[in-house]
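Report on one structure; see the data block that follows.
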Amino acid sequence: MQPNAVKAVLAHAVEVGETVRVNGWVKSRRSSKGGFSFIAVNDGSCFADLQVVADGALANYNAIAELGAGCAIEVVGTVAESPGRGQDREIQAAAVRIVGAVEEPESYPIAKKRHSFEYLRTVAHLRPRTNTFGAVARVRNAITQAVHRYFDEHGFLWVNTPIITASDCEGAGALFRVTTLPPGSDAPSAQDFFGQDTFLTVSGQLNVEPYCLSLDKVYTFGPTFRAENSNTSRHLAEFWMVEPEIAFADLSDLAALAEDFLKSVLSDVLERCPDDMAFFRDRIDKTVIERLRQVIDSTFVHMDYSQAVDILERCGKPFEFPVVWGADLQSEHERYLTEEHVGGPVVVVNYPKEIKAFYMRLNDDGRTVAAMDVLVPGVGEIIGGSQREERLKVLEQRMTEAVKEELWWYRDLRRYGSAPHAGFGLGLERLVMYVTGMENIRDAIPFPRVPNNAAF
RNA sequence: UCCGCCUUAGCUCAGUUUGGUAGAGCAGCUGACUGUUAAUCAGCGGGUCGCUGGUUCGAGCCCAGCAGGCGGAGCCA
């Protein structure tokens, strides 16, 4: 008999009276010594547990009555209406096979009680057994599926850009070195595996642009790596990034894409994960669902960087860092704009060229570039993007000699059929935080990599 | 990397002011209860007080160093 998912049983995909087989892990067991035990079983297929009623007449009832949190079991039984309050369906067990017991129940790391997220990070191999991390895993999956679905339905090609790169000039932060030379070796990089210095990618953007300037709408979605010594609740050394790139498009086309894309993904997740989202609303952040709905129904507020500076100067709020045209907006400034001034997502565009990367398109004013950041309450910057400089001469003026030489192929794109194009990067884990209300990015990815910690 | 806080039972913490080798809740275990669902009720066991060194007759408590964690900042997604 094929196993049935808990989700299918609870969704009435199986008729009352039918026999099913369910596999899963025990969440809790409540026994009535005289008669029978209630076993809450979770198999990850949905947020809810399935209640299994095990009668005292079962041959191995003594062992069943000792089941505790974490035990793996296989249940064969019939689906029944449940007279209890917490659920409308349950399983009357005909057999409960103990597949894997828990050694030393007292020290089982996921005891039947509340645990701090900080503690659960130290048992990252077992934290998906908890309600919270099961829900995060399902929502994260729903987000990634929604991302692919959106792009597929809108004619984008998923381009798999390389993880290993020889480019060290993107300016997106420090890089992890990739080498097969023995530790401590002072051999020249010409003797290394690739015959040159190589690194883990910080962004697929430079590699996706050639595909954009051949196939138009494309995106890359994969892991990226930053060796920055960042110790915050919003940074990881390894994180996943979604990077669409569109041709024959300018910054306003890009901002429109970002807005439509974000709204689509959010409503998709609300529709597909109602139980998980209800849990986040009840236990993590009371405003999540309402907040996401507001974003879906809103029109993103746009403002120029210069306007943003004006607003910040006039708001009369004492900031730790001064607001001056030409300096990048600080976290406190971004938070004020999105959380207090607007109370929703904000798209800030046209930043001073000095604080942005060489590939961003120079505006006609000669002092700003066509860059944008999408800021959201609670998380801050969730998307960063720009129209790319498609004019060879202007691009080269903003490159150093070394960069010009290394990115000869990137410059080639501006010589052979160049076209206006634009793209953005969205940090998946930041989106997971925003959608779930989880406050630490280390809880938005299964096994977080941060400075000084690559456990698991 | 900088600033601040923290590290005591399986987990969350109290105990540090006034140095005299530790306490609660939850979890676990045992028992009671014919349908529970944060089950309830009664009882029981459980601790190299982060590590190293120092002061002292005596250190969880005072001092120094180190390690790890968390929060904020910078960098960014």
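The values are calculated or read from the model by the stated rules, or taken from the named source; none is laboratory data. Just so you know, these numbers come straight off a predicted model, no measurement behind them. Because the Cβ atoms are built from the backbone with ideal geometry, glycine has one as well, and the counts that use them run over all protein chains shown.
Consider A:Val348 carefully, then state whether it is buried (at least 21 other Cβ atoms within 10 Å of the Cβ), of a type outside the set (Lys, Arg) and on the phi < 0 side of the Ramachandran plot. Against the criterion (buried (at least 21 other Cβ atoms within 10 Å of the Cβ), of a type outside the set (Lys, Arg) and on the phi < 0 side of the Ramachandran plot), A:Val348 qualifies. Out of curiosity, is A:Val96 more than 36 Å from the chain's Cα centre (by Cα), at pLDDT 90 or above, within 27 Å of A:Pro274 (Cα to Cα) and not small (Gly, Ala, Ser)? Judged against the criteria, A:Val96 is not a match. As for the range A:37-47, it holds at least one residue that is surrounded by fewer than 16 Cβ atoms within 10 Å (Cβ to Cβ) and away from RNA strand B (no atom under 12 Å from the Cβ).
Criterion first (surrounded by 14 or more Cβ atoms within 10 Å (Cβ to Cβ) and touching a strand residue (DSSP E or B) at 6+ places or on another chain (Cβ under 9 Å)) does A:Glu74 satisfy it? So A:Glu74 passes the test. Of all residues in the range A:144-163, at least one satisfies being among the aliphatic types (A, V, I, L, M), at pLDDT 95 or above and part of a helix (DSSP H, G or I).
Criterion applied to A:Gly70, A:Gly84, A:Gly56 was being in contact with a Ser or Thr (Cβ under 9 Å, 6 or more places away or on another chain) and within 15 Å of RNA strand B (Cβ to nearest atom), and the one residue passing it is A:Gly56.
A:Glu104 falls short on exactly one of the conditions (1) at negative phi; (2) loosely packed, with under 14 Cβ neighbours inside 10 Å, and that condition is (1). Scan the range A:202-214 and give yes if some residue there is of a type outside the set (Ser, Thr, Tyr), more than 14 Å from RNA strand B (Cβ to nearest atom), within 25 Å of A:Arg411 (Cα to Cα) and surrounded by fewer than 19 Cβ atoms within 10 Å (Cβ to Cβ), otherwise no. Checking the range A:202-214: at least one residue is of a type outside the set (Ser, Thr, Tyr), more than 14 Å from RNA strand B (Cβ to nearest atom), within 25 Å of A:Arg411 (Cα to Cα) and surrounded by fewer than 19 Cβ atoms within 10 Å (Cβ to Cβ).
Suppose we keep only residues that are near RNA strand B (Cβ under 6 Å from one of its atoms) and in a helix (DSSP H, G or I) within the range A:98-119. Which one would you say is nearest to A:Val76 (Cα to Cα)? Per the criteria, the residue is A:Pro105. Among the residues of the range A:151-160, is any within 15 Å of RNA strand B (Cβ to nearest atom) and in contact with a strand residue (DSSP E or B) (Cβ under 6 Å, 6 or more places away or on another chain)? Scanning the range A:151-160 turns up no residue that is within 15 Å of RNA strand B (Cβ to nearest atom) and in contact with a strand residue (DSSP E or B) (Cβ under 6 Å, 6 or more places away or on another chain).
Residue count for the range A:235-245, restricted to those that are surrounded by fewer than 22 Cβ atoms within 10 Å (Cβ to Cβ) and more than 13 Å from RNA strand B (Cβ to nearest atom): 0. Note on the range A:120-143: among residues that are within 15 Å of RNA strand B (Cβ to nearest atom) and surrounded by fewer than 17 Cβ atoms within 10 Å (Cβ to Cβ), the one that is nearest to A:Phe261 (Cα to Cα) is A:Asn131. Consider the range A:390-437 and keep the residues that are surrounded by 19 or more Cβ atoms within 10 Å (Cβ to Cβ) and of a type in the set (Lys, Arg). The one that is nearest to A:Asp276 (Cα to Cα) is A:Arg430. A single member of A:Gly134, A:Gly184, A:Gly222 is in a loop (DSSP other than H, G, I, E, B) and either out of contact with any Leu (no Cβ under 8 Å at 6 or more places or on another chain) or over 24 Å from A:Asn452 (Cβ atoms) (or both), and it is A:Gly184. For the range A:309-332, the condition of being under 26 Å from the mean Cα position of the chain (by Cα), farther than 19 Å from A:Gly427 by Cβ and hydrophobic (A, V, I, L, M, F, W, C) holds for none of the residues.
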